[in-house]
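Data first, discussion second: the structure below is written as structure tokens.
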Amino acid sequence: IIREFGTDILVKQKKDDGTTTTTPPPIDRRKLGEIIFADNTKRRKLNSMTHPRITKIMLKRIILQGFAAGTGNVVLADVPLIYEAGWTMRALFGTIIVVATTPTIQLDRLIKRNDDLTRKQCEERIASQMDITKKVKLADFVIWNNGGME
């Protein structure tokens, strides 16, 4: 990821003597987000680098949890980008439940949850996902979550 997107995506840390270090070099998710949500090609590149590994880890966890749960029990997984990740990811699950809300509420919630992002950055993040109406049509079940916390 660093080779592809450069060292500017790393969190800069100050040493005791005031100099900057990036060791260990954690990735600044906000900086990486600024890059990939503004450029579809770069986002697809990042996804092609991360999705196979994420799928492998998820499959391993599902298998382990399935054995631990025993016969007749259910294993649930929260996969926000299940449709965007492609058929490989979808094939891991027998039933897909989509939790949906209106686009207006989705944007409002994202802005409130991420006060360091601009409205435009929030809109870019939402635009990078499959439209919620398409997800609703593909889902086996839909839970509409337009209410508040009460």
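In the set (1) open to solvent by less than 50 Å² (accessible area, probe 1.4 Å); (2) at pLDDT 95 or above, the condition left unmet by residue 128 is number (2).
Listed here are the residues, each with its yes/no results for (1) touching a residue at least 40 places away in the same chain (Cβ under 8 Å); (2) of a type outside the set (D, E, K, R); (3) exposed (fewer than 15 other Cβ atoms within 10 Å of the Cβ).
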residue: 30; (1), (2), (3): yes, no, yes
residue: 42; (1), (2), (3): no, no, no
residue: 48; (1), (2), (3): no, yes, yes
residue: 69; (1), (2), (3): no, yes, yes
residue: 85; (1), (2), (3): no, yes, no
residue: 104; (1), (2), (3): no, yes, yes
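For region 106-125, a tally of residues being open to solvent by less than 40 Å² (accessible area, probe 1.4 Å) and in a loop (DSSP other than H, G, I, E, B) returns 2. Taking the criterion of being among the charged types (D, E, K, R), closer than 29 Å to residue 29 by Cα, assigned to a loop (DSSP other than H, G, I, E, B) and touching a helix residue (DSSP H, G or I) at 6+ places or on another chain (Cβ under 8 Å), would at least one residue in region 131-150 satisfy it? No, because not a single residue in region 131-150 is among the charged types (D, E, K, R), closer than 29 Å to residue 29 by Cα, assigned to a loop (DSSP other than H, G, I, E, B) and touching a helix residue (DSSP H, G or I) at 6+ places or on another chain (Cβ under 8 Å).
Does residue 95 fit the bill of being surrounded by fewer than 16 Cβ atoms within 10 Å (Cβ to Cβ), in contact with a strand residue (DSSP E or B) (Cβ under 8 Å, 6 or more places away or on another chain), hydroxyl-bearing (Ser, Thr, Tyr) and more than 21 Å from residue 1 (Cα to Cα)? Considered against the rule, which asks whether it is surrounded by fewer than 16 Cβ atoms within 10 Å (Cβ to Cβ), in contact with a strand residue (DSSP E or B) (Cβ under 8 Å, 6 or more places away or on another chain), hydroxyl-bearing (Ser, Thr, Tyr) and more than 21 Å from residue 1 (Cα to Cα), residue 95 comes out as yes. Scanning region 131-141 for residues that are open to solvent by less than 50 Å² (accessible area, probe 1.4 Å) and either farther than 10 Å from residue 83 by Cβ or hydrophobic (A, V, I, L, M, F, W, C) (or both) gives 132, 136, 139.
The values are calculated or read from the model by the stated rules, or taken from the named source; none is laboratory data. No experiment lies behind these values; they were computed from the predicted model shown. Neighbour counts are summed over all protein chains in view; Cβ atoms, including those assigned to glycine, are modelled from backbone coordinates with ideal geometry. The accessibility values were calculated without ligands, DNA or RNA, using every heavy atom of the protein model including side chains. Shrake-Rupley method; radii C 1.70, N 1.55, O 1.52, S 1.80 Å.
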